[in-house]
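Novice: Quick one: the structure is below, questions incoming.
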Amino acid sequence: MEDRPHKPHRPAQSGAKAEKKEKGKGKEKSHGFNEKAFAPKSGRRADRQGRRKVEKDQTRLHVPLVNRTPDDEPPPVIVAIVGPPGVGKTTLLKSLVRRYTKQTLNEPKGPITVVSGKKRRLTFVECNNDLNSLIDIGKVADLVLLMIDGSFGFEMETFEFLNILQSHGFPKVIGVLTHLDLIKKAATLRASKKALKKRFWTEIYQGAKLFYLSGVLNGRYPDTEILNLSRFISVMKFRPLVFRNTHPYVLADRLEDLTSRELIRTTDGKCDRTVTVYGYVRGTNLRHGMKVHIPGVGDLDIKSVTQLGDPCPMPDADSEKRRKLSEKKKLLIHAPMSDVGGVVYDKDAVYINVPGSFSRGNGDVPQGEGEQMVMDLQDAGLTLDDAVAQSQIRLFGSSSRHLAIDEDANMKGAGSSEDGMSDDEEEEEDFDEEDDEEGSALGSDEELDEDEELDEDEDSGEVDMERLRADPQNTGRTKLRDVSRSLPSSSKKQREEVDFADSDSDLGGGDGDDDFGVGGRRARFGDDEDIHVPGDEEDSDTNDEDGAEWQPQSSNRSFGRRRRKDWMKLIYSTSLTPEQILTHGKDDDAMEEDGEENEDEDDFFHIKKRDDLSKDEELDKTKETIKEQHLKKWEDEDVLESIRNLFITGEDIAQGEDGAEVNENGEPYEEEGGDFEDLEVDVDDARPPSSTPADSEAIRAANLAAKKEALKKRFDEEYDDPEASKLDFYDEKKEEMARQLQLNKAEFEGVDAESRALVEGFRPGAYVRIELADVPCEMVENFDPTYPILVGGLLPAEEKFGYVQVRIKRHRWFTRTLKTNDPLIFSLGWRRFQTVPIYSLDDHSIRMRMLKYTPEHMHCYATFYGPVSLPNTGFCAFNSLSGNASGFRVTATGVVLDIDRSVKIVKKLKLTGVPFKIFKNTAFIKNMFTSALEVAKFEGANVRTVSGIRGQVKKALAKPDGAFRATFEDKVLMSDIIFLRAWYSIQPRKFYNPVTSLLLSNKSEWTGMRLTGQVRRDEGLKTPLNVNSTYKKIERPHRRFNPLVVPKKLQAELPYSSKPKLMKPQQKQTYLQKRAMVMEPEEKKAIALLQQMRALRKDQVARRKEKKEEKKQEHRRKAEKDEAKRAEKEKEKKKEHMRIAGQKSKRQADLEDGRSSKRRKT
Amino acid sequence: MAQKGPVIHYSGHQYLRSRLVLSILSGKSLRIEKIRSDDKNPGLGDFEISLLRLLEKITNGTVVEISVTGTAISLKPGIISGGSLVHDCSLSRSIGYFLEPVILLAPFAKKPVQLTLRGITTDQNDLSADLIRTVTLPHLQLFGISDGLELRIKKRGAPPAGGGEVQFLCPIVKQVKTLNFVEPGKVKRIRGIAHAVRVNPQFSNRMIEATRSILNRYIPDIYLYSDVYKGDESGKSPGYALSLLAESTTSAIHCSEAVSEPGVAPEDIALRATRALLAEIQKGGCVDQKHQTMVLLMMVLGSEDVGRCRMGPPTTRTIQFLRDVREFFGTSFKIVPAEPSKPDSLQLTYSCYGTGYVNSNRTLA
């Protein structure tokens, strides 16, 4: 049915449609496309347009990045919904889920995966407002729906989140404005929309998409708006981000504890747990032996990884033909933490979730006597007796035979109220048993239904025992379950398929096996490859292997043909020594081979042992010893001739000169026609093995044609335009990447899934179950599905620890400076951890000089001890992650520069001393060192006085201890202070404290190492006061300088100008001073008159002044009065204003109160 | 505080070098026990100690602990720092023994390596300095390590007294390229270096003559250089050797070498080298047998893509190396016959998915 070709479209030849077309055509012709319309009017303009076009082309170019996510089956896109509390995240999530699946979730928790289109699935995650969650989700989200309360505006968390995104690779962000219905006035609405948009654009980029959601209808946003949003989501394109493109990661959508209940009981729940997490692999391939980090928990070892059937598969080829997604597919949803989606598949179990069962929380559903009884039994305590009693009821499938087979599953069943079964027959039996035990009112048709279903999935190991009840909700569920049932089944089933169908295409065996054409045998061969899945038990492996290997080999012998060695198997899955592998089957064939492969044969080992002993010291050497007997054959002329075809001058047997031709893509041509058919048989079993001459003829012809085509193409390229065929760098790189991706895909195409997983790991898009060992019990006990669990793969380098040097800049919104040796919480790579950085700056490229505080508005270096991250990884840092920290919490951002095992940071050390004896240019210095040994270490070091006289440390003096002789470029003074500038190297403290927020019951309350001050404050301790550190009044005694004395002899020799000219003050009275004065009587009179007049004048001025002062006083008094009056008025005015303002704010507060209470209600 | 990584255990002295290299590259600790524990002179040899010293010099933070008896070592690898170094090699092995691990580590160092090694340049067991220069380094170029990659032979030194000196310069890379080399091509040229120190310089000409007598029949493009070092540059002991290499149209290189032995005529030495070369060419593949492990390691360290290479059948070293690689990096190779249709063809195609190894030691800015 499907193979039938579709009818090609035939345009209508007559009728209304044809006429319409005809008419349209005519119109087009008559009016036509006017070429001139878009042609530039002037040459200059054309030039400008051309340049602009080229410029635009250049901006479109990016550094070519390989996308490691496969195109054909990509993992679901992670859409994170982020915003402050009460903004409507859950409402949006519900609306979107309803839009895609037509289901209304009551309580969405954890990741929810839905199918959104024919080529796309989405995983929605609602992210709470905890900073830890924001960091984690920012590292994995492909698309962020950033919700903003339109009536309130941006909140600090939003900005913090954007900064986190920036430092970890910016995913796509769509802003969503909500609560716009709270703004009543249209003008205010418009204005606030505009303001918010402007801010949003400056934060993200100009033109970033911002959505407006109006009010809530029926607990959801309006359907049309959600539809629009979903359209935007569905066409979103994603550019690979470097960090995610180099690390595998899994966003866990489910978590199970596999620890045996008994162990938990005996250890009081404090034992390390074995935990499985489930999710889609994203990023790169998840390899074997990889370590993972779960942010909030720590580094963990993967015990095993299993690929499971996709719980939310992409629409298959059948529905691919439709233009739209079929209705059935629309119902697919995978949300294990939210209790929807019906069926959940595990490695060896299927869990069916049925609402209205015996589980709690369904008080409204009427319960029969039987159900009530079972539910009461669930309430039993945890004593051993009760546990036994409980297990009797729950483990109704515990027939002894079964328990013996699958003990592991049984344990699990006993613990988690599920039952272990591996056989449908048994299942049926068990159901009957259960029915009997329950004595319940299960309708017979129900039972039938159940059995049918269980028949369908053939090898589901475990079935959740919460049974269906006849209630109205059931109908919807059964339908859903049917949908899920069409999924690819559990891995066990896959393995079975492998056994019977894919055997020929297994990795190593395929080529070796083609010689025997018996299907059944091949199947067995495939089987033994399969066994080497790391998850399986090793012992059973080897047994099976041996058993399986026997048969093909015996058949091989009977065929009597020589078989090629299967190198992969020999190397990777046998314990033969390399020498044994090489000698194996070299001289004699199958007989010995069998003997060797079956390791339990004794005589084989004896031979080898002897051989080993005969050799003595085996050197680890690269050159093999040339053995003369091996070279003997080259004396023969025929042998020499036989390799002539390996030289360019030699004739090729089939093809002639250019046998080694390589075509355009670097792919070799097939060597010979004869080979080709064999290869075909090998690769594709479906084709009939044909070796008729006619066929080979045809193939040869095809080969020839292909070659001719290539030649022609090359000629055309060279002839037409040799430049045109040349690609520019960008295109070349892109093509190279595409070719490599093609090769990656092709290389392991035919290989069965499990061998493939062995070689290349689990590809992105695979749904895997990761079993983790030694998980702290708190993670399970304090598990909260609203906090995302992220499993990030670590590269080999990232498991190591060392000193990490980063370039760091304090965030400009963080108010305080950062201090060296203060703990800081880094979010780097997958990890969040607290460590103690030392800040430094490059000092003239000579040394790294420690800084006590980070500089303002400038980058500096920081060095800390911690897990290694590759250079160029971005990070952000925090002082505190708790929600009640005030202000902006992102402390600093930066990038990793260097990884090392030692650091070279120095801080300045100034040693001071004083001279105690001074010769010409030599001085004896004391008080700088305490011993002669110290001096010896500093011999030759530069010293300096405060006044700038430079000198050198020479040698220690015998007495006093630590004194030394130093020479200077000039004579120093006794009052000089001599100092020595030295550099003291410091090491960052080896402190690494992972933020284990997921292990806490209150996940936002993590506290790491505190500062001393914080500890003192918390403990109520006083800061100890060092007496020497207190400030005291500085006594600065007046300095007395001795007068300058120029020796007399020298003075005499000096020229006059240089002579000191020091003269004593005159001691004797002058002539005038000695004389007395006598006046004439006339003169006396005149003087007396003048004196009188002056006295009068003085009196007059004084009186005038007094009067003026009086007047001024008067005036001042008046002014004061006025001032008082004015102040009174002012005061009144202010009072009035404040009254109005108060009323206003009160009203606003009331309004807000009302809204928040309303919010809480929804 | 430091977290304990996994420790990988081995026993026996064999394959020590490749294990040390893998440990340092992967960062996983290594413990080797029972090193010649049943031997007449148990424990590590002097050349092995010398190698460990060299590795300590080239890395930063590496902790090597040797047990009292010398029969067990444990290695906690640090980072590869590189820089300019000088090392006097033990005279019980030639420089090639020490240089090979360094060649594998050097591209992933923090600073470009400038290593001066003193000792024996050519001997029976290890690749001679000539072969490393002409064959090993071109193999590195396949992986994009080319600019500034150089080996200078300052002085030659023949066993037993040595006295040779080589300088190895290697650039650092961020990541090695993925190899896709499945077309062996045909031999288009043969080159050779015949050298003689402290013996009659005619010896090298005699060797060249003998070689030409066999190889001239195949292709005309044969150049065999006679390389004579005199005086101080010729080391302390007499000796001569011939190294040959054949390059194919797709620049696959095969090589062979023969070293002087007392009582053997130079012609016989030349014939030995020539025949070994022919044997090597006959084995085919894109990579010489002696360089299998190197190419495989670089493939493992490539970007997260499928690398393919066609080679001859694996040697014992290669087999053990493949197993060790799986322990250290978790990478398995897919090994299938290169020409499934030809039952007697021994060539194999090795393909693997690279680990995406990035040089984390490299300093940014």
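The values are calculated or read from the model by the stated rules, or taken from the named source; none is laboratory data. All values reported here derive from a predicted model rather than from experimental measurement. Positions of Cβ are backbone-derived with ideal geometry, glycine not excepted, and every protein chain shown enters the neighbour counts. With ligands, DNA and RNA removed, areas are computed over all heavy atoms of the protein, side chains included. Shrake-Rupley method; radii C 1.70, N 1.55, O 1.52, S 1.80 Å.
Conditions tested, residue by residue: (1) assigned by TED's automatic domain parsing to the domain that holds B:V259; (2) touching a strand residue (DSSP E or B) at 6+ places or on another chain (Cβ under 6 Å); (3) more than 24 Å from A:I899 (Cβ to Cβ); (4) of a type in the set (G, A, S).
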site	(1), (2), (3), (4)
B:S29	no, yes, no, yes
B:I58	no, no, no, no
B:I73	no, yes, yes, no
B:L91	no, yes, yes, no
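Novice: For the stretch B:319-345, what are the residues that are under 22 Å from the mean Cα position of the chain (by Cα) and more than 8 Å from every other protein chain (Cβ to nearest Cβ)?
Specialist: B:F321, B:D324, B:V325, B:E327, B:F328
Novice: What residue, among those in the stretch B:190-211 that are open to solvent by 70 Å² or more (accessible area, probe 1.4 Å) and of a type in the set (K, R), is farthest from the other protein chains (Cβ to nearest Cβ)?
Specialist: Across the stretch B:190-211, the extreme among qualifying residues is B:R198.
Novice: Would you mind listing the strands (runs of 3 or more DSSP E) fully within the stretch A:863-971 where at least 1 residues are buried (at least 21 other Cβ atoms within 10 Å of the Cβ), more than 14 Å from chain B (Cβ to nearest Cβ) and among the aromatic types (F, W, Y)?
Specialist: A:874-878, A:964-968
Novice: Please verify whether A:T284 is closer than 25 Å to A:A753 by Cα, open to solvent by 40 Å² or more (accessible area, probe 1.4 Å) and polar (S, T, N, Q), treating the condition exactly as stated.
Specialist: no
Novice: Just give me the residues in the stretch B:145-176 being within 14 Å of chain A (Cβ to nearest Cβ), surrounded by 18 or more Cβ atoms within 10 Å (Cβ to Cβ) and out of contact with any helix residue (DSSP H, G or I) (no Cβ under 7 Å at 6 or more places or on another chain), in sequence order.
Specialist: Result: B:P159, B:Q175.
Novice: Right, next: For the condition open to solvent by 10 Å² or more (accessible area, probe 1.4 Å) and in contact (Cβ under 8 Å) with a residue 40 or more places away in the chain, what is the one hit in A:T91, A:T113?
Specialist: Only one candidate passes the filter, namely A:T91.
Novice: Please go through the stretch B:356-365 and give me each residue that is of a type outside the set (K, R) and within 7 Å of chain A (Cβ to nearest Cβ), ordered by number.
Specialist: B:G356, B:V358, B:S360, B:N361, B:T363, B:L364, B:A365
Novice: Yes or no: A:E749 acidic (D, E), more than 14 Å from chain B (Cβ to nearest Cβ), over 30 Å from A:P855 (Cβ atoms) and more than 23 Å from the chain's Cα centre (by Cα)?
Specialist: no
Novice: Would you check if B:K110 is within 29 Å of B:Q167 (Cβ to Cβ), at the interface with chain A (Cβ under 9 Å from one of its Cβ atoms) and open to solvent by 20 Å² or more (accessible area, probe 1.4 Å)?
Specialist: yes
Novice: A further question on this structure: I need the full set of residues from the stretch B:27-42 which are away from every other protein chain (no Cβ under 12 Å), modelled with pLDDT of 90 or more and part of a loop (DSSP other than H, G, I, E, B), in order please.
Specialist: B:K34
Novice: As an exercise: evaluate B:L127 against (1) crowded, with 21+ Cβ neighbours inside 10 Å; (2) not in a loop (DSSP other than H, G, I, E, B) and give the number of the one condition it does not meet.
Specialist: With (1) crowded, with 21+ Cβ neighbours inside 10 Å; (2) not in a loop (DSSP other than H, G, I, E, B) applied to B:L127, the lone miss is (2).
Novice: Among the listed residues B:D232, B:D221, B:D227, identify the single one that is within 10 Å of chain A (Cβ to nearest Cβ) and farther than 30 Å from B:F321 by Cβ.
Specialist: None of the other options fit; the residue is B:D221.
Novice: Within the stretch A:207-233, work out how many residues are modelled with pLDDT under 90 and either open to solvent by 60 Å² or more (accessible area, probe 1.4 Å) or small (G, A, S) (or both).
Specialist: 7
Novice: Follow-up. Please go through the stretch B:244-253 and pick out each residue that is open to solvent by 10 Å² or more (accessible area, probe 1.4 Å) and either at the interface with chain A (Cβ under 10 Å from one of its Cβ atoms) or in a strand (DSSP E or B) (or both).
Specialist: Within the stretch B:244-253, B:L245, B:E247, B:T249, B:T250, B:I253 qualify.
Novice: Still on this structure, I have one more. Looking at B:E304, B:E280, can you tell me which residue is among the acidic types (D, E), free of Cβ contacts under 8 Å to residues at least 60 places away in the same chain, more than 9 Å from chain A (Cβ to nearest Cβ) and touching a strand residue (DSSP E or B) at 6+ places or on another chain (Cβ under 9 Å)?
Specialist: One residue alone meets the criteria, B:E280.
Novice: Inside the stretch B:217-235, can you point out the residues that are out of contact with any helix residue (DSSP H, G or I) (no Cβ under 9 Å at 6 or more places or on another chain), open to solvent by 80 Å² or more (accessible area, probe 1.4 Å) and at pLDDT 90 or above?
Specialist: Passing the criteria: B:P220, B:Y223.
Novice: Taking the stretch A:769-796 on its own, how many of its residues are within 14 Å of chain B (Cβ to nearest Cβ) and touching a strand residue (DSSP E or B) at 6+ places or on another chain (Cβ under 8 Å)?
Specialist: 4
Novice: Something else now. Suppose we filter A:N884, A:N921 for residues that are closer than 30 Å to A:E157 by Cα and modelled with pLDDT under 95; which single one remains?
Specialist: The conditions single out A:N884.
Novice: Same structure, new question: Mind listing whichever residues of the stretch B:286-311 are among the polar types (S, T, N, Q) and open to solvent by 10 Å² or more (accessible area, probe 1.4 Å)?
Specialist: B:Q289, B:T293, B:S303
Novice: Looking at A:R1010, A:R1017, can you tell me which residue is part of a loop (DSSP other than H, G, I, E, B) and modelled with pLDDT under 95?
Specialist: Matching residue, one of A:R1010, A:R1017: A:R1010.
Novice: Within the stretch A:140-171, can you find the residues that are open to solvent by 10 Å² or more (accessible area, probe 1.4 Å) and more than 24 Å from A:Y212 (Cβ to Cβ)?
Specialist: Correct list: A:N163, A:Q166, A:S167, A:H168, A:G169.
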